[in-house]
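The values are calculated or read from the model by the stated rules, or taken from the named source; none is laboratory data. It should be emphasised that the depicted structure is a prediction, and the values quoted were computed from it without experimental measurement. Counting neighbours? That spans all protein chains shown, and the Cβs are built from the backbone with ideal geometry, glycine included. The area values use the complete protein model at the heavy-atom level, side chains included, leaving out ligands, DNA and RNA. Shrake-Rupley method; radii C 1.70, N 1.55, O 1.52, S 1.80 Å.
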Amino acid sequence: MITGKSQLICLLGSPVAHSISPLMHNEAFRLLNLDYAYLCFEAKEKDMEEAVKSLKFLNARGFNCTMPVKIKAYELADELSPAASLMEAVNTVVIENGRLIGHNTDGIGYVSSVKEAGFDLTGKKMTLLGGGGAATAAAVQSALDGASEIAIFNRKGRSWERAQKLTDKLNARTDCRVSLYDLADTTQLKAQLADSYILTNGTSAGMAPNIDESPVPDISLLHEDLIVSDVIYNPRRTKLMADAESRGCRTFNGLYMLLYQGAAAFKLWTGQEMPVSAIKEKFFR
């Protein structure tokens, strides 16, 4: 129920009409009897300064950002969390006394999904495919949370420079050893996978409608001691996951990454834990 004291929280980006965030956040507010309302607003990069100015004027509690405005939100923030600073992207903003405190909870979502699946990255080596937003988030939070080594494989192209910059920053600012390789280099991929605890696909290969694609076409590279995770959740069982299971690997997808990044944002805004079990049962089955 919305009252005269209800505070606004919203999602900015484009497109946003498909987002599950209003469903899970408003249900969590209802379950905890919290006086907030979560809405979605279409916003492109050129709109962000005006949109943020309006939210501050309206005394909103904060907002989420999705593509294509995460980098613009990073630029507009008055203060940044360690993860947001390393990623140079913001997906969650808390408005405190007119100041924008920028966070990035995407990586928390990934690491929490690893724990949900029953695994622990602490002191372990990850091989990570991709250099986009999801892959960057997984790399940063894994490094911050104690992974010992990350081998990043990215395609040579426009995103290579960004991936190299991230690699250098993680090596300088965390205790994790990070290296960068060309995704086309199957010799290096085989070598890095040989002693990896987990393989994480952060590329779009295998995402609907291209469900027959895999970022690892040679399934002999996948060994039975390897955990294989995919940030994709549509389809819920990607070709990479199916190939990995045929090799005896344990697998999980990116569905709970979405849930737990939202739960982390919820706590930043409200100071309370999202009732994750209830939200999971209602929206993530």
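For E224, E88, E213, give me the order by solvent-accessible area with a 1.4 Å probe, most accessible first, ignoring ligands, DNA and RNA.
Details: E224 125, E88 55, E213 90 Å².
Greatest to least solvent exposure: E224, E213, E88.
If I stretch the segment between H18 and A184 completely, what's the gain in nm (0.36 nm per residue apart, minus their alpha carbon distance), one decimal? Numbers along the way, then the final one.
On the way: separation 166, 0.36 × 166 = 59.76 nm, distance 3.36 nm.
Result for the pair: 56.4 nm of gain on full extension.
Using 0.36 nm per residue of separation minus the Cα-Cα distance, give me the extension gain between D78 and N210 in nm, one decimal.
Numbers: separation 132, 0.36 × 132 = 47.52 nm, distance 3.99 nm.
Extra length from D78 to N210 when fully extended: 43.5 nm.
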Measure off 7 Å from each Cα along the Cα-to-Cβ vector at A172 and R237, then give the distance between these two points in nanometres to one decimal.
4.5 nm
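Note down the relative contact order for the chain as a percent, whole number, built from C-alpha pairs under 8 angstrom at least six residues apart. Walk me through the intermediate numbers first.
Numbers: 564 pairs, mean separation 42.6, N = 285.
Here the relative contact order equals 15 percent.
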How big is the Kirkwood radius of segment 143-250, worked out from every pair of different alpha carbons and given in Å to one decimal?
14.6 Å
Relative contact order for segment 198-285, counting Cα pairs under 8 Å that sit 6 or more residues apart, in percent:
24 percent
Determine the percent antiparallel among the DSSP beta bridges restricted to segment 55-130, to the nearest 5.
80 percent
By the mean-Cβ-within-10 Å protection proxy, highest first, 131-143, 14-26 rank as 131-143, 14-26
Residues K267 and K56, FRET efficiency given R0 of 22 Å [Cβ-Cβ distance, rounded to 0.05]
0.55
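Semi-axes of the equivalent ellipsoid of the chain: what are they in whole Å, largest first, if each equals the square root of 5 times a C-alpha gyration tensor eigenvalue?
On the way: eigenvalues 223, 86, 54 Å².
For the chain, the ellipsoid semi-axes come out as 33, 21, 16 Å.
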Loop-only trypsin sites (Lys or Arg not before Pro) in segment 1-100, please: DSSP not H, G, I, E or B, and at most 16 other Cβ atoms within 10 Å.
K5, K44
Report, to the nearest 10°, how far helix 106-116 tilts away from the longest principal axis of the Cα atoms in the chain, using its own Cα long axis and a range of 0 to 90°.
60 degrees
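Between A278 and E96, what FRET efficiency follows from the Cβ-Cβ distance if R0 is 25 Å, with the result rounded to 0.05?
Details: r = 28 Å, r/R0 = 1.13.
After rounding, the FRET efficiency stands at 0.30.
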Find the centroid of the Cα atoms in segment 43-92 and in segment 243-285, then give the distance between the two in whole Å.
23 Å
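Which of the residue pairs K44/K239; K239/K267; K70/K169; K56/K282; K70/K280 have a Cα-Cα distance greater than 23 Å in the structure shown?
On the way: K44/K239 33 Å; K239/K267 35 Å; K70/K169 19 Å; K56/K282 32 Å; K70/K280 26 Å.
With Cα atoms farther than 23 Å apart: K44/K239; K239/K267; K56/K282; K70/K280.
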Report the label-to-label distance for R155 and R30 in nanometres (one decimal), using points 7 Å from each Cα along the Cα→Cβ vector.
4.2 nm
